[in-house]
Structure formats: C-alpha cells, structure tokens
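A.B. asks: The structure is given below, and queries will be raised subsequently.
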Amino acid sequence: MAMSLNSDDMAAIATAAHGRAVWYVTKGGNDANAGTADDPFLTVSQAVTAASSGDLILVGPGTYTEQVNASSKQLEIAGAGYQTKITSATAPTLQLTSNSTVRDIWIDNTESGSAKFAVSMITATLTRLERVKVTGLDQGVFAGFVSACTIDDCYIEAAEYGIQILPAAGAEPETPILIVRDSQVIADTWTTCSGAAIYANGLTNGGSVQVHHSILSGYSGYTGASPYFGSAIYAAGDIVLTTSDCLLYGRAANDAEARAVFADSGAVVHLADCLASGSGGAATYDLYNQAATLAVAGTRYDSTATVGTIENIDSDAAARGILTTPANTLDTDASGHVTVGDKTGYALASDGLDSISTTAPSGVASNFREMLVQLWRRFFGKSTMTATELKTYADNGTDVLTTQTVSEDGTTQTQGAAS
C-alpha cells in the first residue's frame, strides 16, 4: 500500500537530499517490504532497524502498537499529526539519542509503576520534540542527563510528572539543558505521592531549564500523613529554572498541599510575567520557597499564599503590570486542561496606564513617552494648517514645535513627515 504525502512531508523529503535516506511506514505495509513510498514497512521499529543515523522516517496515520528503541541512531521521525499514534504497554514507548527529532506524532504509554515513561531522552544532546502529543500513565517525558534539548509546541499529559528532568554531571548554569516553549504540560491524577508538570532535580550536577509561553498544571490527591504536593513546577538541588509568560497551576486534594511553584533545597527559580495559582488540598500556596531562591518579576500571585522568602523585583508588589487578575481563578476541566474560571475582577489596574511617565518633546518625539505628549498636542492642543503646512505648538500656544508640509493633487491630501 503506497503512502500518500502532504506538503509538510514533501518539504521534509526535500530536506532529505545530500545523502540521507527516507523510510516509509504505513498500516498497510509489511516489514518484509523495502520501506519505500510504494513498498512501505508495517512497523516503526523495522524502519529504525533499516535506517542509518541522519535518515528520515515518515509514519502514516494509524495506531502502531510497539516499543521503538532509536537510542543508537540519530534519526528524524515524523508522523501525520495526532492521527499517527505509537503506543506500548512496555516503557518507554520511544527511546531517543542525541541529534534526533520527533515531530507531528502521538506517543502513548499505558504501563503503570515506578519510573515508567512514554518518551525517554537519556544522555541526549540537541534532541527535539516538535508538535508531539505525549500521554503517559505515570510519566510523560524523561529528560535524564540531557543537554541543549528542546520541546516545542507539544501537549504532554501524565499522572505523576509531565516532564522529569535530571541534568548531566557538570552542566554549566548558563547552558540550558532543556528548553520548553509554547507547550501544555499536565500531571493530573497522581494519588501515591507528589505530582508536578515539570519536576527538575538538579542534585549536585548543575545546569539550567527554561520554560516559555506555556501552561503547566500539576496535581496530587495523596491521602496520608506526609505533606506531598501538587505543583506546576518543582525544582530542587543545583539547578536554575527560568520561566516566562506562563500559567502555573498547582492543584491538590485530600491531605496533599497545592504548591503552584515549589523551589526546594538550593534551587534557583526565576518567574517573569507569569500567573501562579494554587487550589485545593490540605493547604494552598501560590509560591513555596524551602531553602532555595525564588525571584519574581511581573508575576501574579496571592501574596498571602506564600511560604519562605520571595524576591519581588517589582518596585510595587501590588501593581504587577497593567492588568489586575483576581486570585485563584484558574481551573481545570474534566480532562485536566487549564481553563480560566470566574472572569469577575479582571480590569485595568487603577495606576496601570497612569503610571507611565511622560516627557514633553522640544521637537519631534523620539521615544514613547514623548510620543504620548505629541499625540495629545496634535489632536487636543493648538495646531494650524494652511494649504502648504501643518504646525503643532507647545502648551503656551505660541512656540512652534513641529512643521509638516501639506500638498494636494485634487484627489489626495498628503502630509509630510514632521520636522
């Protein structure tokens, strides 16, 4: 059965020039075939066996029940979007090595127990997940001892940890070991202990993790005496974790505690332009610092729902940006997807726009502060226009600040640049 190709596949094939081979897998294929477009394989594993490092594997729509071990070859594996699903009852479903790319595919794992992952990137460098859906019964992605790996535009959902990160020994803090961008990461049903969307334990190895423009939600429904937690982010040990432009939601039930962001045991956590919110459980915290460093800027949280020292870089902790948001308005639907609940309370802060300082220009405005004044003068102050020029004036109504030429050809009036 031949494999049909979309435009993305054709683009991928075009980039496969310069010597790398393209292998094809479809549900109508056969592992005894040659693996070509007209004679595809049936399993991804057979394509991995046939391929050499640097090759491209294109997987057609359908569900492929198999465990794929690509840990010895640097490959690109591309599906047809979430219509292409690889699932296994043995963990990990997909194992990768360095310089590998997986895109436009769904990776699923159904095995329960300790340290069970859908995707494993152990000791990988420069490995990428792009537009990948990952679902794991326990954990989603294990990024163990990795360096310079990226997760872009992905949906990752698991019960305990969405992404578990362990940096390689000797990693430098300024070198990212993992970058997560434009993704949704959810840990939504764990009841045995703690649950976290991102669980990063630096131990004594060092390194940094970056998370940008993403939604993170973690949950624990533990019942018992120990204070387990549900967190969007848990960071501990010798690690630096930087988060910007993210929704961070920690949920808990029963005896567990909600700690939306939990900085622990020497970790350094920076939050910029985020919203952190905890909900439910025996205790609820938006920010929780336990013998670590937790610094925030432009970040929304309930200042009464914190533990430990919070370094707030904002000069006014009560006015973090122009938009005010009520506390704890995030919620999750039945699938664990983060939603915004009651919209009541969203408004412009009373000192938001008014807090922007302005400067009166002596001529043509050269920055935003001067532009505000110049626009005011142009439309609400004194200005004069003749057949040949337009003038704006200072507040005294006498001094000319700007002059623009005016011309007309009978149908269109043109105003030149101000000088």
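A.B. asks: For the range 121-158, which positions are under 22 Å from S88 (Cα atoms) and aromatic (F, W, Y)?
C.D. replies: Once the filter is applied, which keeps residues that are under 22 Å from S88 (Cα atoms) and aromatic (F, W, Y), the range 121-158 yields F142, Y155.
A.B. asks: Of the residues that make up the range 251-260, is at least one in a loop (DSSP other than H, G, I, E, B) and within 26 Å of T123 (Cβ to Cβ)? Walk me through it before giving the result.
C.D. replies: Going through the range 251-260, the residues in a loop (DSSP other than H, G, I, E, B) turn out to be 253-256.
If we keep only those that are within 26 Å of T123 (Cβ to Cβ) as well, we get none.
Scanning the range 251-260, I find no residue that is in a loop (DSSP other than H, G, I, E, B) and within 26 Å of T123 (Cβ to Cβ), so the answer is no.
A.B. asks: Follow-up question, since we're still on this one. On the given criteria, is T284 more than 20 Å from G237 (Cβ to Cβ), touching a Cys at 6+ places or on another chain (Cβ under 8 Å) and assigned by TED's automatic domain parsing to the domain that holds V211?
C.D. replies: The answer is no for T284.
A.B. asks: Consider the range 191-246. How many of its residues are among the hydroxyl-bearing types (S, T, Y) and assigned to a loop (DSSP other than H, G, I, E, B)?
C.D. replies: 9
A.B. asks: Looking only at residues that are at pLDDT 95 or above, part of a strand (DSSP E or B) and surrounded by 24 or more Cβ atoms within 10 Å (Cβ to Cβ) in the range 143-157, which one is farthest from the chain's Cα centre (by Cα)?
C.D. replies: I156
A.B. asks: Mind checking which residues of the range 386-419 are part of a loop (DSSP other than H, G, I, E, B) and among the acidic types (D, E)?
C.D. replies: As a first pass, look at the range 386-419 and keep what is part of a loop (DSSP other than H, G, I, E, B): 386-388, 394-399, 409-412, 416-419.
The answer is D395, D399, D409.
A.B. asks: Restricting the search to the range 200-219, which residues are within 22 Å of the chain's Cα centre (by Cα) and farther than 17 Å from L287 by Cβ? Walk me through it before giving the result.
C.D. replies: As a first pass, look at the range 200-219 and keep what is within 22 Å of the chain's Cα centre (by Cα): 200-202, 206-219.
Selection gives N201, G202, G206, G207, S208, V209, Q210, H212, H213, S214, I215, Y219.
A.B. asks: Moving on to the next point. For the range 263-276, how many residues are part of a strand (DSSP E or B) and within 13 Å of T243 (Cα to Cα)? Before you say what the answer is, go through the steps one by one.
C.D. replies: Keep residues of the range 263-276 that are part of a strand (DSSP E or B), which gives 263-264, 268-272, 275-276.
Those left that are additionally within 13 Å of T243 (Cα to Cα): 263, 268-272, 275-276.
Going through the range 263-276 one residue at a time, the tally reaches 8.
A.B. asks: Can you confirm whether G207 is surrounded by fewer than 18 Cβ atoms within 10 Å (Cβ to Cβ), on the phi > 0 side of the Ramachandran plot and not hydrophobic (A, V, I, L, M, F, W, C)?
C.D. replies: Numbers: surrounded by fewer than 18 Cβ atoms within 10 Å (Cβ to Cβ): no; on the phi > 0 side of the Ramachandran plot: yes; not hydrophobic (A, V, I, L, M, F, W, C): yes.
No; evaluated as a whole, the condition is false for this residue.
A.B. asks: What's the number of the only condition in (1) modelled with pLDDT under 95; (2) outside the structural domain of S183 (by TED's automatic domain parsing); (3) surrounded by 16 or more Cβ atoms within 10 Å (Cβ to Cβ); (4) not basic (K, R) that A91 fails to meet?
C.D. replies: Of the numbered conditions (1) modelled with pLDDT under 95; (2) outside the structural domain of S183 (by TED's automatic domain parsing); (3) surrounded by 16 or more Cβ atoms within 10 Å (Cβ to Cβ); (4) not basic (K, R), the odd one out for A91 is (2).
A.B. asks: If you go through the range 214-239 one residue at a time, how many are hydrophobic (A, V, I, L, M, F, W, C), surrounded by 24 or more Cβ atoms within 10 Å (Cβ to Cβ) and farther than 11 Å from A276 by Cα?
C.D. replies: Initially, the range 214-239 is screened for residues hydrophobic (A, V, I, L, M, F, W, C), giving 215-216, 225, 229, 232-233, 235-236, 239.
Still in the list and also surrounded by 24 or more Cβ atoms within 10 Å (Cβ to Cβ): 216, 229, 232-233, 235, 239.
Still in the running and farther than 11 Å from A276 by Cα: 229, 235, 239.
Residues that pass the stated criteria total 3.
The values are calculated or read from the model by the stated rules, or taken from the named source; none is laboratory data. Note that the structure is a prediction, hence the values are computed from the model and not measured. For neighbour counting, all protein chains shown are included, and Cβ atoms are generated from backbone atoms with ideal geometry for every residue, glycine included.
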